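Single-structure report; data block below.
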Amino acid sequence: MEKKRLIFHVDVNNAFLSWTAVALLKKGYAIDIRNICSIIGGDENLRKGVVLAKSPIAKKLGIKTAETIYSARRKSPQVKVFPPDYNLYHEQSDLLYKYLSQFTPKIERYSIDECFLDMTGTSLLYADPLKLAYKIKDEIKTKYGFTVNVGIGNNKLCAKMASDFEKPDKVHTLFAEEIESKLWPLPVGDLFMVGNQTATILHKMNIYTIGQLANTDLVILKKYFKNQLGDFLKRSALGIDDSEVESESKNQNKCISISETLPKDIADSEELKKILYYQTEKVTRKLRRQKQYCLTVAISFKNSNFEKYSHQQKLYNQTNVTEEIYREVVKLFDHSWRHDSIRNIGIRLSDLVQIKEQQLSLFDKDVDKNNDKIQEVVDSIKDKYGPNSIYLGNFKNSTDKL
């Protein structure tokens with residue numbers, strides 16, 4: 001008999017603002033910015049003055065994510081603006097991931113502030129899933145100073161939806177027998193992966209709740225949506241999801257990848273390239289720790305309409321040097337990006353090997369042959385003095401230090 005799946009979804013409450021608040025308190029800042037009218041936003045002078053995160057008080061005053069800081073100030077002149085610190089956010093994300101890894105090896109970092117845990121078959125270790133979820137929630141709050149929501153379900157979709165029911169600092173369940181009572185009354189726009197454009201079309205079809213979507217004939221849905229999307233919407237509304245929790249350790253000898261859902265849709269090439277540089281630096285350091293080299297680089301996109309596309313390229317030589325791989329990532333980006341608004345972006349390194357087989361060219365310069373040694377020095381400096389101790393020249397003066 002097949003075991004019933006048990007999936008946890010752990011989601012940090014208001015991650016960017018919470019992580020900034022915790023860091024400021026540790027440095028002696030007198031006020032917890034979660035308790036005042038505050039926002040996380042880019043530099044207004046560099047035309048990056050957009051709200052990335054907001055405190056509960058700022059939300060009550062009508063301040064919204066993705067609006068300009070200028071607009072936020074008009075709603076609340078006393079609002080306090082704090083710059084984003086992406087290095088801090090990734091450090092906190094790693095801290096969360098490491099903590100959650102003690103409960104199961106099957107853990108997927110879905111985005112910078114959320115993880116899926118496959119707890120199937122762990123009943124001998126954890127007899128009561130609800131009790132374990134509260135333990136996780138409470139220990140994170142006590143140890144690290146920020147709060148999370150934990151959703152529990154029989155698949156990733158239901159666990160994800162459960163974690164969104166009520167915030168902050170809550171545990172919720174959405175099991176198969178609870179779909180009709182808990183999921184179906186919700187607005188159709190709340191369904192995971194249903195964007196504004198899809199919700200607008202559904203509203204025109206007089207479909208306003210998830211339950212109405214679940215009970216709509218698939219033939220009708222396919223008249224308005226592509227076959228695959230229509231089927232996906234129907235299955236999601238029924239609480240059906242067969243996707244697996246993809247752990248980082250899975251197939252680690254075959255590929256290394258990283259992707260993240262962005263705090264807002266981004267259509268600026270320089271902003272996206274900065275994010276790609278940080279991702280490249282992270283995966284190449286992991287590659288070097290594993291003493292491996294890659295021969296294929298890929299980049300993946302998910303746009304604001306949840307459309308996915310990707311492109312990959314074979315390298316001339318195997319490498320694990322950050323700058324060499326980043327050059328290829330930028331080429332891939334320039335070749336494949338459709339100039340649309342990006343919701344999620346990532347890179348993947350594959351065709352990994354333990355031994356580097358160099359193909360020599362008549363045009364190779366001696367300096368290129370020293371890249372491996374230079375990279376070792378850079379790694380040692382960052383290990384000793386922190387990730388911000390050395391910057392790529394293009395990003396040195398950026399206020400958003402990636």
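If you check Lys274 against the conditions, is it of a type in the set (D, E, K, R) and touching a Phe, Trp or Tyr at 6+ places or on another chain (Cβ under 7 Å)? So Lys274 passes the test.
Of the listed requirements (1) aliphatic (A, V, I, L, M); (2) crowded, with 21+ Cβ neighbours inside 10 Å; (3) not assigned by TED's automatic domain parsing to the domain that holds Lys27, Val148 misses just one: (3).
Per-residue answers, yes or no, for (1) of a type outside the set (S, T, N, Q); (2) at pLDDT below 90; (3) in the same structural domain as Val353 (by TED's automatic domain parsing); (4) within 23 Å of the chain's Cα centre (by Cα):
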| site | (1), (2), (3), (4) |
| --- | --- |
| Val283 | yes, no, yes, yes |
| Lys286 | yes, yes, yes, yes |
| Gln292 | no, yes, yes, no |
| Ala298 | yes, no, yes, yes |
| Asn303 | no, yes, yes, yes |
| Glu307 | yes, yes, yes, yes |
| Leu315 | yes, yes, yes, no |
| Phe333 | yes, no, yes, yes |
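Within the range 106-143, the set of residues being within 21 Å of Glu244 (Cβ to Cβ), among the small types (Gly, Ala, Ser) and surrounded by fewer than 18 Cβ atoms within 10 Å (Cβ to Cβ) comprises Ser111, Gly121, Ser123. Being free of Cβ contacts under 8 Å to residues at least 40 places away in the same chain, farther than 21 Å from Pro56 by Cα and aliphatic (A, V, I, L, M) is true of Leu125. Looking across Ala72, Ala23, one residue alone is part of a helix (DSSP H, G or I) and either touching a Gly at 6+ places or on another chain (Cβ under 8 Å) or at positive phi (or both). It is Ala72. Put simply, of Leu174, Leu191 the only residue that is surrounded by 18 or more Cβ atoms within 10 Å (Cβ to Cβ), in contact with a Leu (Cβ under 8 Å, 6 or more places away or on another chain) and closer than 15 Å to Arg235 by Cα is Leu191. Can you find, within the range 144-169, the residue that is nearest to Asp242 (Cα to Cα) among those that are in contact with a Ser or Thr (Cβ under 8 Å, 6 or more places away or on another chain) and of a type in the set (S, T, N, Q)? It comes out as Asn155. Scanning the range 103-145 for residues that are modelled with pLDDT of 95 or more, in contact with a strand residue (DSSP E or B) (Cβ under 8 Å, 6 or more places away or on another chain) and among the basic types (Lys, Arg) returns Lys137, Lys141. Among the residues of the range 281-299, the one identified as in contact with a strand residue (DSSP E or B) (Cβ under 6 Å, 6 or more places away or on another chain), among the hydroxyl-bearing types (Ser, Thr, Tyr) and crowded, with 19+ Cβ neighbours inside 10 Å is Tyr293.
Yes/no matrix, rows are residues, columns are (1) of a type outside the set (Ser, Thr, Tyr); (2) free of Cβ contacts under 8 Å to residues at least 60 places away in the same chain; (3) buried (at least 19 other Cβ atoms within 10 Å of the Cβ):
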{"residue": "Cys255", "(1), (2), (3)": "yes, no, no"}
{"residue": "Thr261", "(1), (2), (3)": "no, no, no"}
{"residue": "Asp265", "(1), (2), (3)": "yes, no, no"}
{"residue": "Tyr278", "(1), (2), (3)": "no, no, yes"}
{"residue": "Lys314", "(1), (2), (3)": "yes, yes, no"}
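Put simply, of Leu218, Leu183 the only residue that is crowded, with 17+ Cβ neighbours inside 10 Å, over 30 Å from Ala23 (Cβ atoms) and in contact with a helix residue (DSSP H, G or I) (Cβ under 8 Å, 6 or more places away or on another chain) is Leu183.
Return yes or no: is Tyr391 modelled with pLDDT of 85 or more and of a type in the set (Phe, Trp, Tyr)?
On the way: modelled with pLDDT of 85 or more: no; of a type in the set (Phe, Trp, Tyr): yes.
In short, no.
The values are calculated or read from the model by the stated rules, or taken from the named source; none is laboratory data. Worth saying up front: this structure is predicted, and the values here are computed from it rather than measured. Neighbour counts run over all protein chains shown; Cβ positions are idealised from the backbone, glycine included.
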